[in-house]
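Where a number appears in this text, it was derived from the coordinates with a stated rule and is not lab data. None of the values given here were measured: they were computed from a predicted structure. Note that we place each Cβ from the backbone using ideal geometry, even for glycine, and neighbour counts take in every protein chain shown.
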Amino acid sequence: MTKYAATPTNTERTFGEDEIIVSKTDPKGRITYANEVFQRVGLYTESELLGEAHSILRHPDMPRCVFKLLWDTVEAGNEIFAYVKNMAKNGDYYWVFAHVTPSFDDKHNIIGYHSNRRLPRPEAIAKVEPVYRQLLAEEERHNDRKVGMMSAFDMLVSLLKEQGVGYDEFIFSL
């Protein structure tokens, strides 16, 4: 937990359809840039965000296995799209449709990550929330957090396999 961890509220925050939340991190996921929209929606100042782990935004309703998939994907040098429920500094929540990409130097080494987040379609959130609740329940069923995350990750992989789609295809089908 970070020094800003709040108790989740049932209050939703939002932002404009034409706005984009932008952040950049170093290779370890520590925030190196946060635009004004990010700061406003998350209720953080720039100085509170810079140097913090991006997980400062993690809402407890988000399954850890989704973040494992996200990090595995971008650390392998690939982009990923995902629906994410974030938590503002005061505990309010907000959903985003995130596009996360690695940033490379001239030798193609990963030097950080870049994320653009847009306002998601409500119908997509209505479809992804039950899946996330299932994954989270699987994670919480285990006493060992890592075992729970891996079990939920396997569940997610099986779900995608059953549907015959990759994660991005699944996300864009919602």
Subject >> Reciprocal mean inverse distance between Cα atoms of the chain - Kirkwood radius, Å >> reply: 16.7
Original post:
Can you give the helix-only mean residue ellipticity at 222 nm for the chain, where every DSSP H stretch with n ≥ 4 adds -39500 (n - 2.57) and the sum goes over all residues, rounded to the nearest 500 deg cm²/dmol?
Top reply: -12000 deg cm²/dmol
Original post:
Looking at the square roots a ≥ b ≥ c of the eigenvalues of the Cα gyration tensor of the stretch 79-151, which shape do they give, rounded for a/c under 1.5, prolate if a/b is larger than b/c, or oblate?
Top reply: oblate
Subject >> Which of Met149, Pro27, Ile80, positive extreme of dipole for the stretch 21-173 (C-beta unit charges) >> reply: Met149
Subject >> Estimated vicinal HN-Hα couplings, Hz - the stretch 100-113 in sequence order (Karplus 6.51, -1.76, 1.60; Gly, Pro = x) >> reply: 10, 9, x, 10, 10, 8, 5, 9, 6, 8, 6, 10, x, 9
Subject >> Estimated distance in nm for a label pair at Arg145 and Arg40, the labels positioned 7 Å out from Cα along Cα-to-Cβ >> reply: 3.4
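What is the dipole size for the chain, taken about its Cα centre, with +1 at each Lys and Arg Cβ and -1 at each Asp and Glu Cβ, in debye to the nearest 20? Show your work: numbers first, answer last.
On the way: 21 positive and 26 negative charges, 80 e Å.
Rounded to the nearest 20 debye, it is 380 debye.
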Original post:
Taking every pair of alpha-carbon atoms in the stretch 68-109, what share in percent sits in each 10 Å bin, from 0 to the bin with the longest distance?
Top reply: 26, 39, 26, 9, 1
Original post:
trypsin sites (Lys or Arg not before Pro), restricted to the stretch 99-156: which are DSSP loop and have at most 10 other Cβ atoms within 10 Å?
Top reply: Lys107
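Going highest first, how would you order 42-49, 9-16 by mean Cβ packing within 10 Å?
Numbers: 42-49: 16.6, 9-16: 12.1.
With the highest mean Cβ count within 10 Å placed first, the list reads 42-49, 9-16.
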Subject >> Förster radius 30 Å - calculated FRET efficiency between Asn109 and Asn10, Cβ distance, rounded to 0.05 >> reply: 0.10
Original post:
How much length is gained if the chain between Asp154 and Ala76 is pulled fully straight, taking 0.36 nm per residue apart and subtracting their Cα-Cα distance, in nm to one decimal?
Top reply: 26.2 nm
**OP:** Could you calculate, for the stretch 39-107, the ratio of the Cα radius of gyration to the Kirkwood radius, expressed as Rg to Rh?
**Re:** 1.00
Original post:
By average Cβ neighbour count within 10 Å, what is the ranking of 96-102, 120-126 from highest down?
Top reply: 96-102, 120-126
